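Coordinate-derived values only; no laboratory data. Small disclaimer: the values here were computed from a predicted structure and weren't measured. Methodologically, a virtual Cβ is constructed for each residue, glycine included, from the backbone with ideal geometry; neighbour enumeration extends over all protein chains shown.
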Amino acid sequence: MKNIFVLFFSILIVACTEQAPREIQQYSIDEFYKNKRMFGGVFSDDENRLLISSDETGIFNVYEIDLAEGSRRALTSSTEESFFAIDYVPGTNDILYSADKGGDEIDHIYLKTSDGTTTDLTPEEKAKANFSGWSEDDTHMYFSSNKRDPQFFDLYKMDVNTWKPEMIYQNESGNDLTSWSDNENYFAFSKTITTSSNELWIENRSSGDKIQISNPDKPGSYGSSGFSDDNKYFYFITDENEEFAYLKEINLETKETKVIYNTDWDVMYSYLSKNEKYRIIAINEDGKNSLVILNNSTGKEVEFPDLSDGDVTSVRIADSENKMRLSVGTSKAPGNTYLYEFDSKELVKLTETLNPDINPEDLVSAEVVRFKSFDGLEIPAIYYKPHTATAKEKVPALVWVHGGPGGQSRKGYSSFIQYLVNHGYAILAVNNRGSSGYGKSFYKMDDMNHGDKDLKDCIAGKHWLASQDYIDSEKIGIIGGSYGGYMTMAAMAFTPEEFEVGVNIFGVTNWLRTLKSIPPYWESFRQALYEELGDPYTQDSVRLRAISPLFHTENIVNPVMVLQGANDPRVLQIESDEIVEGIRKNNVPVEYVVFEDEGHGFIKKENEKSGYSQVLEFLDKHLKGKNLN
């Protein structure tokens with residue numbers, strides 16, 4: 001079977017190579033960022049409206065879609081901070097939304113009533129609050145907060161009439177509370193062991209008994225998928241004894257377990273509709289989500305319109321179980337909101353997020369390719385080939401590295417990637433060893449090995465690019481954000497002759513500082529990061545220093561660009577300040593852009609446009625325009 005796949009992709013690559021170029025229109029950064037990003041979609045009580053988040057004004061605000069008319073109206077009008085829709089308050093037209101300040105990730109929950117009054121329901125200045133749902137009778141809102149102790153999240157509920165908080169679970173263990181039964185008797189909590197394994201327990205609050213869901217003899221990943229309405233069953237996703245995660249249930253009385261759904265890819269998430277008529281299951285299938293809907297009474301899959309080209313990023317079934325909202329994107333269009341009606345089987349597109357001035361035929365469909373790394377390991381990647389690329393008109397290329405560690409490049413839409421491809425750059429988004437989505441063995445392959453074999457996978461991706469006859473093999477750079485920014489700087493410092501340029505977006509450069517300055521609310525995950533990357537307070541510090549590009553800037557010989565958010569709580573600005581200073585001592589071209597009102601990644605569209613347009617200018621000057629003769 002493996003040889004068939006190799007043959008298939010070889011044919012695909014040859015076909016791409018021989019495809020004739022065609023004329024396309026080239027679009028500006030302004031045109032690409034006239035696209036709208038929309039996500040979410042919660043039904044109102046009467047199921048005639050949807051509550052969504054959109055950045056059509058430049059930052060995210062809360063909007064409402066009228067399902068009958070298809071019209072959309074703004075419910076908030078922030079001009080400084082992004083507001084993200086949470087839900088309607090049951091039985092009212094009031095809404096909840098969340099916001100932080102300048103990307104500091106200290107989210108608060110806000111109530112906006114139908115008369116326009118706004119109230120911060122979680123006003124503690126340095127405390128982070130997360131919405132956690134409604135009680136079964138809709139009289140209380142659940143939320144978690146670290147206001148008692150910055151390291152631990154306790155569970156609270158608020159009466160929707162008084163909005164006064166009451167703590168119902170005090171987290172003294174530091175474990176993560178993941179779900180609870182409707183009767184508030186069963187609480188599931190997770191203890192992180194490593195980034196690929198954890199323990200999962202259920203506590204019976206009335207008896208004090210604990211049920212261990214995870215197998216103590218077979219470490220693995222265990223994630224909660226909630227309780228049944230009758231409080232008798234608990235559902236969870238695990239990779240116990242398997243390469244890929246699958247869905248199971250346990251009878252809380254008999255302790256019997258049963259596999260509900262498994263396949264040759266990871267089950268990403270699963271949940272039951274309001275009255276348990278349907279079960280939604282999302283599958284991470286080779287870089288995009290496919291959707292399975294089960295009818296619980298028959299156990300059979302529900303027939304559904306073909307979305308084979310779409311990445312189903314999220315789903316919501318209305319309480320009546322007659323309607324379903326889907327968020328679906330492709331590599332050539334941002335995610336759009338769809339409405340599906342189970343009775344009529346009609347699928348209606350409610351939004352159009354792609355700028356109408358952009359011809360989608362000028363954009364590039366992402367393709368899945370695979371190549372062999374230095375040790376023969378097969379590496380998956382998402383590939384974008386410019387329409388204009390030919391053997392006579394060779395194009396420059398970039399190896400793109402995702403965030404993480406443990407992230408995944410997927411086939412969804414990226415305005416930035418399409419902008420670069422539209423301007424003549426081929427992009428290979430490498431899912432190096434350590435990426436999620438390709439089995440637990442692949443995921444663990446970079447543990448305590450960052451900046452080595454994972455970097456060699458990226459270099460193998462560069463060699464794959466160089467082997468394509470339409471790629472200018474002497475004009476290949478590397479780019480990435482967060483962990484991908486680290487990989488970019490590792491490439492520039494440890495393999496300085498491999499890539500002609502590097503673009504580091506919010507990237508780690510000093511693992512010692514990053515691992516010591518982890519935000520307090522990551523406390524439950526701290527030790528797992530130390531298990532994967534190394535403990536900066538032990539002998540591991542020697543290795544962490546050795547793999548940190550900051551301490552090897554004297555090796556950097558090719559141009560670098562660095563983008564940084566001043567409010568970033570994960571990668572502190574001082575890291576980028578210091579590595580830029582180190583590179584400048586080499587008299588190597590380095591461009592540095594700091595955004596005073598961003599954190600770890602872009603939220604404001606104007607900042608994105610500014611940053612990414614400067615990236616293209618940098619690449620045009622130092623990669624595409626570089627005279628290597």
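When the inverse distances between all different Cα atoms of the range 407-527 are averaged and flipped, the Kirkwood radius reads 15.7 angstrom.
By the gyration tensor of its Cα atoms, with a ≥ b ≥ c the square roots of the eigenvalues, what is the shape of the range 504-629: rounded for a/c under 1.5, prolate for a/b over b/c, or oblate? Oblate.
Summarising the label geometry, the points placed 7 Å from Cα in the beta-carbon direction at T79 and Q170 lie 4.6 nm from one another.
Work out how much length R22 to L347 would gain on full extension: take 0.36 nm times their residue separation and subtract the Cα-Cα distance, in nm to one decimal.
Contour length minus Cα-Cα distance gives 113.6 nm.
Rounded to the nearest 20 debye, the dipole magnitude of the range 490-583 is 260 debye, with +1 charges on Lys and Arg beta carbons, -1 on Asp and Glu beta carbons, and the Cα centre as origin. Across the range 577-629, what fraction of all alpha-carbon pairs, as a whole percent, falls in each successive 10 Å bin from zero upward? Per 10 Å bin, starting at zero, the Cα-Cα P(r) for the range 577-629 comes out as 20, 40, 34, 5, 0 percent.
Taking only C-alpha pairs under 8 Å that are 6+ residues apart, what is the relative contact order of the range 56-95 in percent? Working shown, then result.
Working: 46 pairs, mean separation 14.7, N = 40.
Computed value for the range 56-95: 37 percent relative contact order.
Karplus-based coupling profile of the range 365-381, in residue order and whole Hz: 6, 6, 10, 8, 10, 9, 9, 8, 8, 4, 9, x, 5, 7, 10, x, 7, with θ = phi - 60° in 6.51 cos²θ - 1.76 cosθ + 1.60 and x standing for Gly or Pro.
Once you've got the Cα coordinates, tell me which of K232/K440; K101/K411; K191/K255; K394/K609; K349/K609 are over 24 Å apart. Write out the running numbers ahead of the final one.
Values: K232/K440 30 Å; K101/K411 31 Å; K191/K255 20 Å; K394/K609 27 Å; K349/K609 28 Å.
Over 24 Å apart, Cα to Cα: K232/K440; K101/K411; K394/K609; K349/K609.
Modelled spin labels at F374 and Y271, positioned 7 Å past Cα toward Cβ, are 4.4 nm from each other.
Taking amide H positions as placed 1.01 Å from N in the peptide plane, with prolines and chain starts having none, which residues 5 or more places from T122, or on another chain, fall under 5 Å of its amide H? Correct list: I109.
Sort V590, V160, V267, V503 so that the residue with the fewest other Cβ atoms within 10 Å of its own Cβ comes first and the one with the most comes last. Let's see the in-between values first.
Details: V590 21, V160 18, V267 24, V503 29.
Listed from fewest to most nearby Cβ atoms, that is V160, V590, V267, V503.
Computed from Cα atoms alone, the Kirkwood hydrodynamic radius reported for the range 364-624 is 18.3 Å. The amide H of Y261, built 1.01 Å from its N in the peptide plane, has L247 as neighbours under 5 Å, considering only residues 5 or more places off or on other chains. Of the residues G480, W522, S181, the one whose Cα sits farthest towards the positive end of the charge dipole of the chain is G480 (charges of +1 on Lys and Arg Cβ, -1 on Asp and Glu Cβ, taken about the Cα centre). When the Cα positions of S78, T192, V368 are compared along the charge dipole of the chain, V368 comes out farthest toward the positive end, with charges on each C-beta of Lys, Arg, Asp and Glu. Each Lys and Arg adds +1 at its Cβ and each Asp and Glu adds -1 at its Cβ; summed about the Cα centre, the range 364-624 shows a dipole of about 560 debye.
Between K255 and K101, what length comes free when the chain is fully extended (0.36 nm per residue of separation minus the Cα-Cα distance, one decimal in nm)? If you can, show how the numbers build up before the last one.
Details: separation 154, 0.36 × 154 = 55.44 nm, distance 4.56 nm.
Taking 0.36 nm per residue and subtracting the Cα distance, the gain is 50.9 nm.
As a proxy for reagent exposure, W265, W180, W400, W134 were ordered by neighbouring Cβ count within 10 angstrom, fewest first; the result is W134, W265, W180, W400.
Note on K345: aspartates and glutamates with a C-alpha under 18 Å away, same-chain residues under 8 apart excluded, are E47, E301, E303, D306, D319, E321.
Farthest towards the positive end of the charge dipole of the chain, among the residues T553, L291, L563, is the Cα of T553, using unit charges on the Cβ of Lys, Arg, Asp and Glu.
Per-residue Karplus couplings for the range 403-410, computed as 6.51 cos²θ - 1.76 cosθ + 1.60 with θ equal to phi - 60°, are listed in order as x, x, x, x, x, 7, 7, 10 Hz, Gly and Pro entered as x. Determine the calculated [θ] at 222 nm for the chain from helices alone, applying -39500 (n - 2.57) to every DSSP H run no shorter than 4 residues and normalising by the residue count; nearest 500 deg cm²/dmol. Taking each H run of at least 4 residues, the total per residue is -5000 deg cm²/dmol. Counting beta carbons within 10 Å around each of E617, E240 and listing the fewest first gives the order E617, E240.
Taking every Cα-Cα distance in the chain and sorting them into 10 Å bins from zero, the calculated P(r) comes out as 3, 15, 25, 29, 20, 8, 1, 0 percent. Think of each Lys and Arg Cβ as +1 and each Asp and Glu Cβ as -1; about the Cα centre, that makes the dipole of the chain roughly 1500 debye. Between amide H atoms placed 1.01 Å from N, distances below 5 Å from R410 occur with no residue 5 or more places distant or on a separate chain.
Please report the antiparallel percentage of DSSP beta bridges with both residues in the chain, rounded to the nearest 5. Spell out each step's value before the answer.
Numbers: 112 of 137 bridges.
Among the beta bridges of the chain, antiparallel pairing accounts for roughly 80 percent.
Setting aside same-chain residues fewer than 8 positions from K126, which aspartates and glutamates have a Cα under 12 Å from its Cα? In chain and number order, the partners are D100, D104, E105, D107, D149.
Given a cut-off of under 8 Å on Cα pairs at least six residues apart, what relative contact order in percent is computed for the chain?
Working: 1444 pairs, mean separation 65.8, N = 629.
RCO, the chain: 10 percent.
The range 79-145 and the range 595-629 have Cα centres lying 34 Å from one another.
Hull volume per residue, based on the alpha-carbon atoms of the range 301-408 and their convex hull, is 187 Å³.
Pairs to check: K218/K456; K456/K624; K456/K516. Give those whose C-alpha atoms are more than 29 Å from each other in this structure. List each step's numbers first, then the result.
Values: K218/K456 31 Å; K456/K624 24 Å; K456/K516 27 Å.
Correct reply: K218/K456.
What are the trypsin sites (Lys or Arg not before Pro) within the range 367-445 that DSSP puts in a loop, where the Cβ has at most 14 other Cβ atoms within 10 Å? Within the range 367-445, the qualifying trypsin sites (Lys or Arg not before Pro) (loop, at most 14 other Cβ atoms within 10 Å) are K392.
Of all aspartates and glutamates in the structure, those lying under 15 Å Cα to Cα from K248, and not within fewer than 8 positions of it along the same chain, are D239, E240, E256, D266. Within the range 364-624, DSSP assigns beta bridges of which about 30% are antiparallel (rounded to the nearest 5).
The simple spin-label model puts a point 7 Å past each Cα toward its Cβ; for S613 and N183 those points are separated by 6.1 nm.
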